[in-house]
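Read the figures in this text as sums done on the coordinates, not as results from a lab. Just so we're clear, the structure is a prediction, and the values are computed from it rather than from any experiment. Quick reminder, even Gly has a Cβ in these numbers, built from the backbone with ideal geometry, and neighbours come from all protein chains shown.
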Amino acid sequence: MSVKRVFRWEGRYYLHETILPEMDYSINPYFGCEIGCRYCYSIYYFKMKKVRHRWGEYVEAKLYLPKLLTKNLGRFKKDAVIGIGTYSDPYQPWEREIKLTRRIIKILRRRRDLHLSIQTRYPLIIRDMDLILSGPADIGTSIPSIDRRFIDVFEPLVPSPEARLKMLEKFSRVGVDTWLYIAPIIPYVNDDPSMFRELIYMARDYGVDTIYTDIIRFRVGVKKYFMEALEEYRPDLIPKYRDIGRKELYEIYDSRVKVYREIAEEAGLKYIDAAPMMFRY
Ligand code: SF4
């Protein structure tokens, strides 16, 4: 798969206030994500902006952001929590070369009160550890499944679950709060509590503090990619997913939440069901 990488020199940044849990603003250094997970809710942004490439095959680096953030740095409210990488991975492979996320973090760190909440699946974040640790931060990743086949089909370019958890462990060891998003939960596909239990205990062993779960969101454009992957992974579920409605999906997910909470709490971890907070997504 070849990826078209585009530098964007011009653009706007309004202080993006976000409804995402426990964050005040969001910053995404990239538009598009070359990792191309086949359940990603950000596929929707390609639809919205009428991008003609397939999801995962096109990414823009927002090179205008450092200048705009420098100019607007004083406008973030005091002690604000800024989510970095809320719809596109800030440490995706291109970042190794162009260090855009690094430049942005450097600028934000001029204000020592700003709390950075960074979500990534790439251990490249460890490169910027000193910078990140020079102020308040928390670090998270997502792992929807530890089933090898699921990973090969739905997120083939993502580092292994162990690599993602080891990355969190590096931060956890120096006292940074770490969290794991077990998401998207896809009823009948990856919602089995026994897999959840295994993953929770792995996360605990790597020092994770908090577990979030969230349901799959079929925003415009997502279902097509999801169905292609499902056809490879579990063709027997195709008729079910052709007809399944939002109500049924939520009912199944909600029936699991109680069990997930019990398992997480039994392991001594904080558990947050993010689905109600993400309802507008
Ligand atoms: S890494 Fe995250 S943002 Fe990138 S495609 Fe996968 S789910 Fe989407």
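Between the amide H of Asp138 and those of Leu116, Ser117, Ile118, distances stay under 5 Å, these residues lying 5 or more places away or on another chain, with hydrogens modeled in the peptide plane. With contacts taken as Cα pairs under 8 Å at a separation of at least 6 residues, the range 162-273 carries a relative contact order of 34 percent.
Expressed per residue, the C-alpha convex hull volume of the range 1-135 stands at 110 Å³.
Shown for Ser117, Ser134: other C-beta atoms within 10 Å of each C-beta, ranked fewest to most, produce the order Ser134, Ser117.
Taking every DSSP beta bridge that has both ends in the chain, the antiparallel portion is near 10%. Look at the alpha carbon pairs under 8 Å that are at least 6 residues apart: their mean separation over the length of the chain gives a relative contact order of 18 percent. Compared with the dominant Cα axis of the chain, that is its longest principal axis, helix 193-205 is turned about 30°. Each of Gly175, Met227, Met195 was scored by the projection of its Cα onto the charge dipole of the range 160-281, and the greatest displacement toward the positive side belongs to Met227; charges sit on the C-beta of Lys, Arg, Asp and Glu. Among beta bridges from DSSP that stay inside the range 1-135, the antiparallel ones total about 20%. Short to long, the 10 Å bins of the Cα pair-distance histogram for the range 162-273 hold 13, 40, 29, 16, 2 percent of all pairs. Percent of Cα-Cα pairs per 5 Å bin, from 0 to the last occupied bin, for the range 130-171, please list those. Going out from 0 Å in 5 Å bins, the range 130-171 shows 5, 21, 26, 16, 13, 9, 7, 2 percent.
Return one number: the angle in degrees, 0 to 90 and rounded to the nearest 10, between the long axis of the Cα atoms of helix 161-172 and the longest principal axis of the Cα atoms of the chain. It works out to around 40 degrees. For the range 93-159, dividing the convex hull volume of the Cα atoms by the residue count gives 86 Å³ per residue. Percent of Cα pairs in the chain per distance bin of 5 Å, from zero to the largest separation: 1, 5, 12, 17, 19, 18, 14, 8, 4, 1, 0. Between Arg52 and Arg96, how high is the FRET efficiency from 1/(1 + (r/R0)^6) when r is the Cβ-Cβ distance and R₀ = 30 Å? Nearest 0.05. The formula returns an efficiency of 0.70 here. Under a 5 Å amide H cut-off, with hydrogens placed 1.01 Å from N, Tyr58 pairs with Lys4, Cys33 among residues at least 5 apart or on other chains.
Extension gain for Lys166-Glu265 works out to 33.5 nm (0.36 nm per residue, less the C-alpha to C-alpha distance). Against the main long axis of the alpha-carbon atoms of the chain, helix 246-266 sits at an angle near 80°. Using C-alpha pairs under 8 Å with a sequence gap of at least 6, the mean separation divided by the residue count of the range 103-165 gives a relative contact order of 37 percent. Distance between the modelled labels on Glu231 and Leu15, one decimal in nanometres: 4.7 nm (7 Å Cα→Cβ projection).
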